[in-house]
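Engineer: To start, I am sharing the structure in question, which I have written as structure tokens.
The values are calculated or read from the model by the stated rules, or taken from the named source; none is laboratory data. This structure is a prediction, so every number in the text was calculated from the model and none was measured. Please note: Cβ atoms are built from the backbone with ideal geometry, for glycine as well, and neighbour counts cover all protein chains shown.
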Amino acid sequence: MPIHIHSIKHPLVLNWISYLLNPNITTYNKNELINKLSLALIYEATRKSIKNQKLYIKYITHIHETYLMRQYDIIVFCTSITIGQIISKDLQYLIPNLQIHTIVLKKIDSGWDLFVENHKLQDITYNSQIIILEEELISSKIQAILEQIPKHILNNTIQICCSISNKLEIDKLSKIYTHIDVYTGYLTDIYLYKKTLTYSP
């Protein structure tokens with residue numbers, strides 16, 4: 001099964017991406033945009049899997065219909081402490097049973113490795129929906145996370161939500177893993193994102 005790429009074309013997402021690629025963006029505005037983009041991407045990744053149950057409350061004069069969200073095991077892993085802190089409150093408000101974990105990676109010669117062993121990666125159950133949230137898709141970072149997940153869980157579809165994706169990075173990932181869905185706001189052929197961003201206060 002190949003990697004599936006879902007490029008979100010909602011007008012708001014396209015507008016946010018345009019602002020994010022602006023070289024004069026401030027850190028505050030960048031964080032706000034990443035929060036909005038992350039919520040939109042996770043919404044897309046979970047909208048087919050989350051189901052509601054109808055609950056009918058019978059009163060003497062009428063029946064009130066309400067909706068309850070079934071309990072799902074959705075786990076979000078994020079390698080950015082900043083993004084994890086910004087989005088965790090909003091995500092847990094929208095999806096109450098969602099778990100969000102920050103994974104700290106360190107750069108090594110050949111790629112990335114876990115800075116501290118994360119036992120949450122080993123505790124994933126078979127029916128968990130796994131989402132990896134990144135600002136930009138870097139295949140070696142994703143690979144470092146996926147190598148820690150138990151092999152029988154990797155048969156599940158892993159969902160990667162990232163604001164910016166590069167086709168070359170997706171190709172590298174597709175040579176190793178197949179059960180992956182990538183949700184992105186911007187898909188490019190070149191590495192322009194990190195070069196164009198300047199961090200000004």
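Engineer: Considering only residues that are at pLDDT 85 or above and surrounded by 10 or more Cβ atoms within 10 Å (Cβ to Cβ), which ones fall in region 60-74?
Structural biologist: Correct list: Thr66 only.
Engineer: Every residue in region 10-21 that is more than 18 Å from the chain's Cα centre (by Cα) and within 20 Å of Thr82 (Cα to Cα), please.
Structural biologist: Within region 10-21, Tyr19, Leu21 meet the criteria.
Engineer: Which condition breaks for Leu137 when tested against (1) at pLDDT 80 or above; (2) out of contact with any Asp or Glu (no Cβ under 6 Å at 6 or more places or on another chain); (3) of a type in the set (A, V, I, L, M, F, W, C)?
Structural biologist: If we test Leu137 against (1) at pLDDT 80 or above; (2) out of contact with any Asp or Glu (no Cβ under 6 Å at 6 or more places or on another chain); (3) of a type in the set (A, V, I, L, M, F, W, C), just (2) comes out false.
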